[in-house]
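Here's the structure we're looking at; comments come further down.
No value in this document is a laboratory result; all are computed from the given coordinates. What you see is a predicted model, and the numbers here were worked out from it, not measured in a lab.
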Amino acid sequence: MLWIIGIAVVAVAALILAFKIWGRSADDFWGDIQERANERDQEAAEQKARARAEKKKLAEERAARRAAEAAGEEYVPPAAPEPEPAAEQAPASFTELSPADATAMLAERSDVTLLDVRTPGECMAGVIEGAVLIPMDQIQGRVAELPEGPLLVYCAVGARSAAVCDFLTSLGRKEVFNLDGGITSWPGKVVRPVN
């Protein structure tokens, strides 16, 4: 009788330990995904700020040129600033594809796997025909289900799928593509998912 209690205690301890390890690894996984998403958001904000600064500079130059012409003077553009040394950038881990490029790739290549990472509830509104449905929160445990070859990943608007693309390329996957704008930008046919 005592040995049965001993086995039960060991089994419970093993279960508790397994849940703690699983919980910690899941937290690490989602922390990494959130960190990558935050980095992408920051990069996008920096790109927008640079674009706004460039537009402002061009508008100021146009205004200065018009003012010089109105005064009958010759416009002399300001001296260009010294170019900053190019910072080393890591190569892109995956490729963003416009809906038109994605449509063309699917028409040209039969080896591309479509991966929908939306929730089952979102998928009920429709999926791109032929897509494999693996919600983002399950991708870590279901990576082995993905066939080899190129992957075209999408979600609703492209943010979650970009994080999944980062994750997949960190595992060494090659030819990973993100559908820019997600399924909301998809010009092609959308069908009901097969259960």
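Here are some notes:
- The ratio of the alpha-carbon radius of gyration of the range 95-191 to the globular-protein estimate 2.2 N^0.38 Å is 0.96.
- Hz values of 3J(HN,Hα) by residue in the range 153-168 - Karplus curve (6.51, -1.76, 1.60), Gly and Pro given as x: 9, 8, 9, 6, 10, x, 7, 5, 5, 5, 5, 5, 4, 4, 4, 5
- One Cα centroid belongs to the range 36-56, the other to the range 141-155; the line between them spans 29 Å.
- In sequence order, the range 101-112 has phi-based couplings of 5, 5, 4, 5, 4, 5, 6, 8, 10, 9, 8, 7 Hz under the Karplus curve 6.51 cos²θ - 1.76 cosθ + 1.60, θ = phi - 60°, and Gly or Pro positions carry x.
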